[in-house]
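Bear in mind that the values in this text are calculations on the coordinates, not laboratory data. What you see is a predicted model; the values in this text were computed from it and never measured. Glycine also receives a Cβ, built like all others from the backbone with ideal geometry; neighbour counts cover every protein chain displayed.
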Amino acid sequence: MFIGAIGCEPLQLRRVSLERSRTLDVYRRNGGYEALRKVLDGMSPDDVIGEVKKSALRGRGGAGFPTGMKWSFVPKDSPKARYVVCNADESEPGTFKDRYLMERDPHLLIEGMLIAGYALGARVNYIYTRGEYRYLIEIMDEALEEARTAGLLGDRVLGTDFNCEIYTHTGAGAYICGEETALLNSLEGLRGHPRMKPPFPAVAGLYGCPTVVNNVETLTAVPDIIKMGGDAYKALGTEKSGGTKLWSVSGHVARPGVYELPMGYDDMEKFIMEDCQGITNGRQLKAVIPGGSSVYIMPAEDIIGRDVRMDYEGLVAAGSMVGSGGFIVLDDTVDVFESTKNLTEFYKHESCGWCTPCREGTDWLVKVFKRIESGGGRPDDAQLLLDIVDNIEGKSFCPLGDAAAWPIQSAIKKFPEDFRRHISNGASGDGGKEGLPTA
Amino acid sequence: MSQQFTPNNPLPQEAKVPPKMAVFPPEVEAEIERHLAKYPVKRSAILPLMFIVQRERGGYLDPPGVAYLADRLGVRITDIWEVATFYSMINTEPVGRYHFQICRTLSCKILGAGKITEQCTKRLGIKPGETNDDGTFSLSEVECLGSCGTAPMMQIGFDYYENLTTEKVDELIEKCKSGELSNGVR
Ligand SMILES: Cc1cc2nc3c(=O)[nH]c(=O)nc-3n(C[C@H](O)[C@H](O)[C@H](O)COP(=O)(O)O)c2cc1C
Ligand code: SF4
Ligand code: FES
């Protein structure tokens, strides 16, 4: 698996390939904790937020909300404690970048969280990691202990009067806990159901206190923003999408991996065919799901020869979204009816059950998919799927409902033939029991 | 004689007897203390503590383990069940010593997850969702584990096994049978 940068100097992935990259020693010898030093040597919390605003950094967890703006929503005069919570739940199918950031460069996350803690006045902070990533919690705990011993964490950070603690926390197998308010409920020891918004976490989050929830990749961008300045960071990308972005590439490509690209990388076809070394086994590209399982599927025709720019605006213009950057490549052996069924089963499994449209709707969708697959297709089934989806999208309590709806909408729209074939003959495309081809 | 439930005597007598509570050795208690110390509210430690209790109680939350958690966290027994039943990694029933959890989601699926599951079923004699008779193996299909770039893959306990082939699966199973392989529970 490849890990590295294409089209720019590696920024967030600068150290991942160094030997012993996760040790404090290597981190420090390669520019580590210089940004924290700079912050504590004379930047005010507002200066820090100002640089992050200038950087045009947008949340890398999936929603793409401007980070500096989110930080500025935290009330300055609140007498309550404030919290920074790192979202390391990484469960969006196709996404695995946070894993390698934490595995290879845990101190980068610690430094990013310390700077965020300083900017937001947060003295106790948590890293909420999905339960399956136990080995990463162990790596983070070790790095945190190293930082504590070196005076970088805890009381009097680097000898200043800034106190800041960071603790790891474990999830226990629930995709919904990646949604920030569900995450906070989970961190409070409750079932991971989402909360009503507003109030937003920035006002009333963990234990009712102002809280910023940020993705791992977002927080690990912060040290470089401070070091090079917000403007310089932004200049690496485009006007509206600052900096670089990590793409988790999987599926039928010769070289899967975590790719750091400048925002606005030109273009998606070149990325797949050259950087990722093309489609495996000499097959043809059929489709790409570019931003994790929840985004619209893109057929090859919308990519080949289309100069699709890889950033927030570029992907929207091309009919999809950046999402989490989970870039799933599908070759022409894949049957999009089957791949969509696979993802719908995921959403049914992960629906938290709190609201009716999503709980009942995802269950119903799976039943329809199964009926069609087992030969019981009816002429109006595509419309039935779209109707069910229409009753989920925009009518659910949290965005998981929309996330379940979008793949189906776009799959039926872009690959009607794959659905028609199943519905009319009921047989799965390759005749196999599994439905999907097995390599 | 049928029992009368009245507001003054709402429950049969045996239900009032507190369930037996699990007892843990000092090093486990110390581990639990370390988790509790992270949070201003004890209840926040519920998931980390559940992992410890299920590890110590043979892989799942048995009634004495649940009673312990309720007591330790100052919550009701039902609060523990409420949370335990929400999270797929918290077991409320026994699981095999080696728990094979094969990712079934898209990137793994298109790169052969089906074959990996088939091979496990063939070699272990159990289907996804089952545990074998002597309790050595359980097999599950799980959702994306963040290893899509190294698909297909599975977890045994907390340990990742990636870029799987049927040969690698056979090897792993042999190593489990001989006890050479860690079951990844910690
Ligand atoms: C169903 C669902 C799952 C999510 N999963 C994750 C996740 O695994 N990791 C993540 O960082 N954000 C996830 N998010 C987005 C978070 O709610 C939130 O927007 C994000 O953590 C904010 O951080 P950012 O601004 O740095 O991206 C998810 C959202 C939804 C609706
Ligand atoms: S949309 Fe789904 S995941 Fe979100 S609250 Fe409703 S049931 Fe839960
Ligand atoms: S799809 Fe299997 S690990 Fe992501």
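Rounded to the nearest 20, the size of the Cβ-charge dipole of chain B about its Cα centre is 340 debye, with Lys and Arg at +1 and Asp and Glu at -1.
Report relative contact order for the stretch B:38-83 in percent, whole number only (criteria: Cα-Cα under 8 Å, sequence separation at least 6).
Dividing the mean separation by the residue count of the stretch B:38-83 yields 34 percent.
Counted residue by residue at 0.36 nm each, then reduced by the alpha carbon distance between them, the extension gain from A:Ile304 to A:Lys367 reaches 19.2 nm. For the pair A:Phe2 and A:Asp387, label points projected 7 Å from Cα toward Cβ lie 4.7 nm apart. Shielding of peptide B:46-52 by partners, expressed as the average count of other chain Cβ atoms within 10 Å per residue Cβ, is 5.
For the stretch A:11-236, what's the relative contact order in percent, using C-alpha pairs closer than 8 Å and at least 6 residues apart? Across the stretch A:11-236, relative contact order equals 30 percent.
If R0 is 25 Å, the Cβ-Cβ spacing of A:Tyr135 and B:Glu174 corresponds to a FRET efficiency of close to 0.60. With a Förster radius of 22 Å applied to the beta-carbon distance between A:Arg148 and A:Asp77, the computed FRET efficiency rounds to 0.10. Sorting the segments A:259-268, A:90-99 by their residues' average number of neighbouring beta-carbon atoms within 10 angstrom, most packed first, yields A:90-99, A:259-268.
Over chain A, Cα pairs under 8 Å with separation of 6+ residues give a relative contact order of 16 percent. Extension gain for the segment A:Arg156 to A:Gln277, taken as residue separation times 0.36 nm less the Cα-Cα distance, is 38.7 nm to one decimal.
Label positions at B:Ser182 and A:Ala254, each projected 7 Å from the Cα along the C-beta direction, are separated by 3.7 nm.
Ordering A:Ile225, A:Thr244, A:Tyr207 by Cα displacement along the dipole of the stretch A:171-245 toward the positive end leaves A:Tyr207 in first place; charges were set at the Cβ atoms of Lys, Arg (+1) and Asp, Glu (-1). Over the protein assembly as shown, one equal point on each Cα, no solvent: what is log10 I(q)/I(0) by the Debye formula at q = 0.11 Å⁻¹? Summing over Cα pairs of the protein assembly as shown leads to -1.11.
What is the average number of partner chain Cβ atoms found within 10 Å of a Cβ in B:82-90?
Partner Cβ neighbours, averaged per residue: 6.
Taking label positions 7 Å along the Cα-Cβ direction at both A:Val203 and B:Arg34, the computed distance is 4.0 nm, reported to one decimal.
Give me a single rounded figure for A:246-257: the average over its residues of other chain Cβ atoms within 10 Å of their Cβ.
Working: counts 0, 0, 4, 3, 11, 8, 3, 1, 0, 1, 6, 2.
Taking all residues of A:246-257 together, the mean is 3.
Take each peptide in A:206-214, A:233-241, A:274-282, A:382-390, count the other Cβ atoms within 10 Å of every residue, and average; sorted highest first, the result is A:206-214, A:233-241, A:382-390, A:274-282. Calculated mean residue ellipticity, 222 nm, chain A: -11500 deg cm²/dmol, from DSSP H runs (n ≥ 4) at -39500 (n - 2.57) each, averaged per residue and rounded to 500.
For chain B, B:Cys120, B:Cys144, B:Cys148, B:Cys176 stand unpaired, since no other cysteine beta carbon lies under 4.7 Å from theirs. Figure legend: label point modelled 7 angstrom from the Cα of B:Met21 along Cα→Cβ; residues of the stretch B:71-100 with amide N under 11 Å from it are B:71-75. Rounded to the nearest 0.05, the FRET efficiency derived from the C-beta distance between A:Gln284 and A:Lys38 at R0 = 51 Å is 0.55. Rounded to the nearest 20, the size of the Cβ-charge dipole of the stretch A:90-152 about its Cα centre is 180 debye, with Lys and Arg at +1 and Asp and Glu at -1. As a rough guide to protection, the peptides A:117-123, B:92-98 ranked by mean Cβ packing within 10 Å, highest first, stand as A:117-123, B:92-98.
Amide hydrogen proximity for A:Gly251: with H placed 1.01 Å from N in the peptide plane, the residues at 5 or more positions away or on another chain lying under 5 Å are A:Val329. Each Lys and Arg adds +1 at its Cβ and each Asp and Glu adds -1 at its Cβ; summed about the Cα centre, the protein assembly as shown shows a dipole of about 840 debye.
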